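Input: a single structure, listed below in structure tokens.
The values are calculated or read from the model by the stated rules, or taken from the named source; none is laboratory data. Everything numeric here is computed off the predicted structure, so don't read it as measured data. Counting neighbours? That spans all protein chains shown, and the Cβs are built from the backbone with ideal geometry, glycine included.
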Amino acid sequence: MEYLGVAKFNKPHGLKGEALVYPLTSEPDAVFATGRSLVKLDRDGVPMGEPLTIERSRAYHREWLIKFHGIDERTPLETWDRQGLLGVPKSELTPPGDDQLYLHEIPGTPVVVNGEEIGVAKEVLTGPGGQLLSIAVKGKELLIPFRKPIVKRIDRAAKRIELDPPAGLLDL
């Protein structure tokens, strides 16, 4: 069974066993619903340990607070890998649309501006202002806000990301 990461563990929150996670899904309300199970994943997406059942969850700024059944204090969460992934079986998720990619599909995707390939996407990073697309361009790294209107189009069939950057953004 193939698993996909749906959240990055950030840190324990409070004293009663809540975890602060950053969602990696466009449907956090459904994915983090009460009764749903998540499993810790290693760096290769392989499940580690038993599934964890969500007791309650709620949006908290740009992140989510999740309380799991059986974790009633902070101590167990302190041993978790910061930025470790929590996942679900791929079959339980809504497949991406024609204008979307899974996060694991982004590395290696060509990045195009005005019909010309300018580089290759490396990864999506989370910054204080939101998500950033890391692009390898002529031996250097560019960080571009990963949102509309700068991201003009994601073409799943052609596996490419089209940008419409403001003047000067690519010259930084």
(message) So P165 passes all but one of these: (1) surrounded by 15 or more Cβ atoms within 10 Å (Cβ to Cβ); (2) assigned to a loop (DSSP other than H, G, I, E, B); (3) touching a residue at least 60 places away in the same chain (Cβ under 8 Å). Which condition number does it fail?
(response) (3)
(message) Going by what's in this entry, would A7 be described as closer than 22 Å to E78 by Cβ and in the same structural domain as Q83 (by TED's automatic domain parsing)?
(response) yes
(message) Being over 19 Å from V6 (Cα atoms) and aliphatic (A, V, I, L, M) narrows it down to one residue among V120, V124; which is it?
(response) V120
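Please verify whether P51 is within 17 Å of V124 (Cβ to Cβ), of a type outside the set (A, V, I, L, M) and in contact (Cβ under 8 Å) with a residue 12 or more places away in the chain, treating the condition exactly as stated.
When the stated conditions are applied, P51 does not pass them.
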(request) Take the residues in region 35-46 that are within 21 Å of the chain's Cα centre (by Cα) and part of a loop (DSSP other than H, G, I, E, B), then tell me which one is modelled with the highest pLDDT. (result) R36
(message) Quick check on my filter: what residues within region 63-118 are surrounded by 12 or more Cβ atoms within 10 Å (Cβ to Cβ), out of contact with any strand residue (DSSP E or B) (no Cβ under 7 Å at 6 or more places or on another chain) and closer than 29 Å to I150 by Cα?
(response) P96, E105
(message) Return the residues of region 64-83 that are part of a loop (DSSP other than H, G, I, E, B) and at pLDDT 90 or above; say none if nothing qualifies.
(response) H69, G70, I71, D72, E73, R74, T79, W80
(request) Within region 11-33, work out how many residues are among the small types (G, A, S) and under 12 Å from E63 (Cα atoms). (result) 1
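What residue, among those in region 9-39 that are charged (D, E, K, R) and surrounded by fewer than 19 Cβ atoms within 10 Å (Cβ to Cβ), is nearest to D81 (Cα to Cα)?
Residue satisfying both the conditions and the ranking: K11.
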(request) Read through the list (1) assigned by TED's automatic domain parsing to the domain that holds N10; (2) of a type in the set (V, I, T); (3) more than 13 Å from the chain's Cα centre (by Cα), then give the number of the only condition that T25 fails. (result) (3)
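Looking only at region 132-158, which residues are part of a loop (DSSP other than H, G, I, E, B), free of Cβ contacts under 8 Å to residues at least 60 places away in the same chain and either in contact with a His (Cβ under 8 Å, 6 or more places away or on another chain) or surrounded by 14 or more Cβ atoms within 10 Å (Cβ to Cβ) (or both)?
Of everything in region 132-158, those that are part of a loop (DSSP other than H, G, I, E, B), free of Cβ contacts under 8 Å to residues at least 60 places away in the same chain and either in contact with a His (Cβ under 8 Å, 6 or more places away or on another chain) or surrounded by 14 or more Cβ atoms within 10 Å (Cβ to Cβ) (or both) turn out to be F146, I150.
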(request) Quick one: which residue in G129, G115, G87 is among the small types (G, A, S) and on the phi > 0 side of the Ramachandran plot? (result) G115
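Results for (1) part of a strand (DSSP E or B); (2) modelled with pLDDT of 95 or more; (3) not polar (S, T, N, Q), shown as yes or no for each residue.
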| residue | (1), (2), (3) |
| --- | --- |
| Y22 | yes, no, yes |
| A33 | no, yes, yes |
| M48 | yes, no, yes |
| L52 | yes, yes, yes |
| T94 | no, no, no |
